[in-house]
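Written below as structure tokens is the structure these notes are about.
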Amino acid sequence: MDEITQAVRDYIMREYLEEGDERTITETTPLISGGIVDSFSMVSLLRFLEKKYSIDIPDECATPDAFDTVERIAGLVRRFQKAEVIQG
């Protein structure tokens, strides 16, 4: 598991699972469709990612589908990291 994937997974487990919740979050666990992340949580996760990785993810890219798994979220971060490098 790479650093981005691990950071996303750790954030979700720390922020959105209650203490004692036995669910395991993997790269492919359904987050939004599985009821772990809701729309409010998605916004806080987006802000966390933008701050941690110094990127700007446009609202039209921050869709429930894009945020439904750790794998998709990490891919989104990588995509916008590359865009920042190109624009920078």
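Angle of helix 3-16 to the longest C-alpha principal axis of the chain, folded into 0 to 90 degrees and rounded to 10: 40°. Under the criterion of Cα pairs below 8 Å and six or more residues apart, the relative contact order for the chain equals 36 percent.
Modelled spin-label separation between SER54 and MET1, with each label point placed 7 Å from Cα along the Cα-to-Cβ direction: 2.6 nm.
A cut-off of 5 Å between modelled amide H atoms, ignoring neighbours fewer than 5 places along the same chain, links VAL37 with ILE32.
Per residue, the convex hull spanned by the alpha carbons of the stretch 1-86 comes to 86 Å³.
Readers should treat all values here as calculations from the given coordinates under stated rules, not as data from a laboratory. The shown structure was predicted, so the numbers you read here are calculated from the model rather than taken from an experiment. Because the Cβ atoms are built from the backbone with ideal geometry, glycine has one as well, and the counts that use them run over all protein chains shown.
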